[in-house]
Amino acid sequence: MTGNNGHKSASRFDALIIGAGFAGLYQLHSLRDKLGLSSVVLEAGDGIGGTWYWNRYPGARCDSESHVYAYYFSDELLTEWEWTERYPAQPEIVRYLEFVANKLDLKRDIRLGTRVVSAHYLEDENRWIVTTEGGTRFEATYLIAATGCLSAANIPAIPGLESFDGEWYHTGQWPHEEVEFRGKAVGQIGTGSTGIQAAPVIAQTAKHLTVFQRTPNFSVPAHNRPLSADFKQYVRESRAEIRKLIRSTTNAHAFKISDRKVFDVSAQEREAIYEAAWEKGGLEFRACFQDLMIDKAANDTAADFLKNKIRKIVKDPETAATLTKIDHPYGTKRPPIDTDYFETFNRENVSLIDVRANPITRITPRGIETTDAAYEFDIIVFATGFDAITGPLLKMDIRGRDGLSIHKAWETGPWTYLGLQIPGFPNLFTITGPGSPSVLTNMPVAIEQHVDWITDCIADMRNNDLARIEPTAAAADAWGEYVNETASATLMPQAGHSWYHGANIPGKPLKFMPYVGGMAHYRTICDDAASRGYEGFTRQAR
Ligand code: N01
């Protein structure tokens, strides 16, 4: 049976895509409109946007600059959309994705409110059987997980949470209704990128905000501002150059990492370089020198500069000392950028609690207890991050050939080839999966590269009458070793408690998950594998 969009039946498709964020939307467009495959997106949320649908906490804003936080595959989309601020706020990003979905007529093939709970591969039929929370069954030849890297919220198992009499929220599952902080005592747990964005905004209206900090963090000012007419014109006229630039840089941002090394310049010159980067603001700070991420002594100069900035901003010496007890090299945990984060601690209505010194022991009906004190709150905000990268996949019961579960396949940590496919799971593709640059980049560029690769791969299979593709175990083993060696050649392993390693989730196998070798190099590796007849993969006819 063939329906309006070439659907073979109500629930059988060529391709199923899980997730309607940046990745899922472009994957749907590519498979449906470029290859003509019957395709559908299954999305748990009641709206599109993925990460940006869920993360609507106060202050939620992207750390990539808006003009590069966009799809670059379509000149039409680029010319018709205009960002308003240097960094796009969450509502503007959702509006952008709505604009794209409407423009490309994607919504008719997106099933909202449809959470996938399982995906099982039937080898005899070469088909994935996908089941949703509501019990609906879908079938497809290709299954694409566009589930995002930061979509499985981590709510720490602190005893007593269920007894709390007030309201509590996780930033990654923020309600659609406005949360009223006015006149309320608020406790915020977590000082990662999210907490650093949320605290200054919550402090503006809360009666009192208490920030519970376990690991202090570096942060560089965002210097967000409205975009000038001149800049908007530059973006419109220079899109081809910008596209080329973001596809050629290490982190897929519109800046290159400098060639100079920290100790090639005098101490005075170095200070001036850091000062200029601080004044400019944003993630570009880490591009000041080429050796910041590989030479600890070099990194220390950046770390000292940033700690001195905190000491200058924060008036209370004790609070400044707690904020500067940073125990990891700069950039080895995801470096946040902020708007008045450190300034927030100069407010009368804000206090900082060091839970490394005095850990949280439990949550009571009235608030939070640490080993040395009890705090009363009306609202608790968990800015406690995510079961990152693998979490969204492991939340589903995914089973490949012979019933092999993804939990079993990843018992000792994620095992993939190129972060794109897993041995034993034919025709399953993971957009920005573990082992790819993903979270170390400006995500839309990494997403476009993966979607284009997957689309070309499926097109090639169909042109050659091939039914299934999966990587060899040897290719995945070698890739895993290479990802690990590449990370070990940097300072990244020195932040042992980072979510990059999975260290933030009790019991999660410790393995550095993203590929640190840079987006541009990674693109070449993927292209080379494809051009050598999908080297490292096994492809089979029917
Ligand atoms: O999460 P995080 P996030 N008791 O894991 C603390 C992206 N992002 O949501 O470091 C006490 O970084 C935890 O402490 P510690 C970006 O890639 C992007 O902030 O584990 N504290 C940490 O302080 C980012 O890196 C943007 O010791 C506990 C915090 O909670 C990623 O999302 C904006 C605790 C979690 O920090 C995740 O950032 C925001 C406990 N039991 C985020 N458990 C933009 O681009 C956890 N913590 C806009």
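The values are calculated or read from the model by the stated rules, or taken from the named source; none is laboratory data. What you see is a predicted model, and the numbers here were worked out from it, not measured in a lab. Because the Cβ atoms are built from the backbone with ideal geometry, glycine has one as well, and the counts that use them run over all protein chains shown. Accessible surface is based on the protein model in full, side chains and every heavy atom, while ligands, DNA and RNA are left aside. Shrake-Rupley method; radii C 1.70, N 1.55, O 1.52, S 1.80 Å.
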Residues located in segment 498-520, provided they are open to solvent by less than 30 Å² (accessible area, probe 1.4 Å) and without any contact (Cβ under 8 Å) to a residue 60 or more places away in the chain:
501, 512
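Here's a check for you: in segment 180-192, which residue that is of a type in the set (Gly, Ala, Ser) and more than 15 Å from the ligand (Cβ to nearest atom) is surrounded by the most Cβ atoms within 10 Å (Cβ to Cβ)?
Initial filter on segment 180-192 (of a type in the set (Gly, Ala, Ser)): 183, 185, 187, 190, 192.
Next cut, more than 15 Å from the ligand (Cβ to nearest atom) only: 183, 185.
Numbers: 183: 10, 185: 20.
Of everything passing the filter in segment 180-192, 185 is surrounded by the most Cβ atoms within 10 Å (Cβ to Cβ).
Give me a count of the residues in segment 193-212 that are farther than 15 Å from residue 352 by Cβ and within 11 Å of the ligand (Cβ to nearest atom). Don't jump to the end; show me each part of the working.
In the first step, residues of segment 193-212 are kept if they are farther than 15 Å from residue 352 by Cβ; the result is 193-194, 197, 201, 204-205, 207.
Those still in the list that are within 11 Å of the ligand (Cβ to nearest atom) too: 193-194, 197.
Residues flagged as farther than 15 Å from residue 352 by Cβ and within 11 Å of the ligand (Cβ to nearest atom) within segment 193-212 amount to 3.
Against the condition modelled with pLDDT under 95 and either in contact with a strand residue (DSSP E or B) (Cβ under 6 Å, 6 or more places away or on another chain) or within 16 Å of the ligand (Cβ to nearest atom) (or both), how does residue 495 come out, does it pass? Spell out the reasoning first.
Working: modelled with pLDDT under 95: yes; either in contact with a strand residue (DSSP E or B) (Cβ under 6 Å, 6 or more places away or on another chain) or within 16 Å of the ligand (Cβ to nearest atom) (or both): yes.
Yes: the conditions hold for residue 495.
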Which of the residues that make up segment 222-247 are touching a residue at least 60 places away in the same chain (Cβ under 8 Å), open to solvent by 60 Å² or more (accessible area, probe 1.4 Å) and over 27 Å from residue 309 (Cβ atoms)?
236, 239, 247
Consider segment 150-168. How many of its residues are in a strand (DSSP E or B) and either closer than 14 Å to residue 362 by Cα or open to solvent by 40 Å² or more (accessible area, probe 1.4 Å) (or both)?
2
List the helices (runs of 4 or more DSSP H) inside segment 26-104, counting only whole elements, that have at least 2 residues being closer than 24 Å to residue 193 by Cβ.
51-54, 90-103
Filter result (among the polar types (S, T, N, Q) and either away from the ligand (no atom under 16 Å from the Cβ) or touching an Asp or Glu at 6+ places or on another chain (Cβ under 8 Å) (or both)) within segment 137-174:
141, 154, 163
Leading residue by the ranking (most open to solvent (accessible area, probe 1.4 Å)) among those in segment 383-409 that are assigned to a loop (DSSP other than H, G, I, E, B), more than 16 Å from the ligand (Cβ to nearest atom) and under 25 Å from residue 45 (Cβ atoms):
395
Of the residues that make up segment 461-469, is at least one open to solvent by less than 50 Å² (accessible area, probe 1.4 Å), basic (Lys, Arg) and at pLDDT 95 or above?
yes
For residue 177: the one exception among (1) outside any helix (DSSP H, G or I); (2) within 16 Å of the ligand (Cβ to nearest atom):
(2)
Which residue, of 541, 520, is within 19 Å of the chain's Cα centre (by Cα) and either among the hydrophobic types (A, V, I, L, M, F, W, C) or at pLDDT below 95 (or both)?
520
Residue tally, condition of a type outside the set (D, E, K, R), open to solvent by less than 60 Å² (accessible area, probe 1.4 Å) and either farther than 15 Å from residue 442 by Cβ or in contact with a Lys or Arg (Cβ under 6 Å, 6 or more places away or on another chain) (or both), over segment 248-271
5
Keeping to segment 332-360, report how many residues are in contact with a strand residue (DSSP E or B) (Cβ under 8 Å, 6 or more places away or on another chain), outside any loop (DSSP other than H, G, I, E, B) and under 26 Å from residue 296 (Cβ atoms).
3
When segment 319-349 is examined, which residues are found to be under 30 Å from residue 295 (Cα atoms) and among the acidic types (Asp, Glu)?
327, 338, 340
Could you tell me which residue of segment 470-492 is farthest from the ligand (Cβ to nearest atom), considering only residues that are buried (at least 16 other Cβ atoms within 10 Å of the Cβ) and aliphatic (A, V, I, L, M)?
475
Tally time: how many residues in segment 84-104 are of a type in the set (Gly, Ala, Ser) and away from the ligand (no atom under 16 Å from the Cβ)?
1
Would you be able to tell me the number of residues in segment 193-221 that are open to solvent by 20 Å² or more (accessible area, probe 1.4 Å), within 18 Å of residue 174 (Cα to Cα) and either outside any helix (DSSP H, G or I) or in contact with a Leu (Cβ under 7 Å, 6 or more places away or on another chain) (or both)?
0
Name every residue in segment 330-350 that is more than 14 Å from the ligand (Cβ to nearest atom) and not aromatic (Phe, Trp, Tyr), in order of residue number.
340, 343, 344, 346, 347, 348, 349, 350
Matching residues in segment 521-542 (open to solvent by 30 Å² or more (accessible area, probe 1.4 Å) and within 30 Å of residue 243 (Cβ to Cβ)) number 10
Name the pairs whose Cβ atoms lie under 7 Å apart, with the first residue in segment 311-322 and within 16 Å of residue 213 (Cβ to Cβ), the second open to solvent by 40 Å² or more (accessible area, probe 1.4 Å), and 6 or more positions between them or separate chains?
313/343; 314/346; 320/311
If I go through segment 511-542 residue by residue, how many of them are over 24 Å from residue 442 (Cα atoms) and in a loop (DSSP other than H, G, I, E, B)?
6
Within segment 58-83, take every residue that is open to solvent by 20 Å² or more (accessible area, probe 1.4 Å) and within 16 Å of residue 174 (Cβ to Cβ) and give me the one that is nearest to the ligand (Cβ to nearest atom).
61
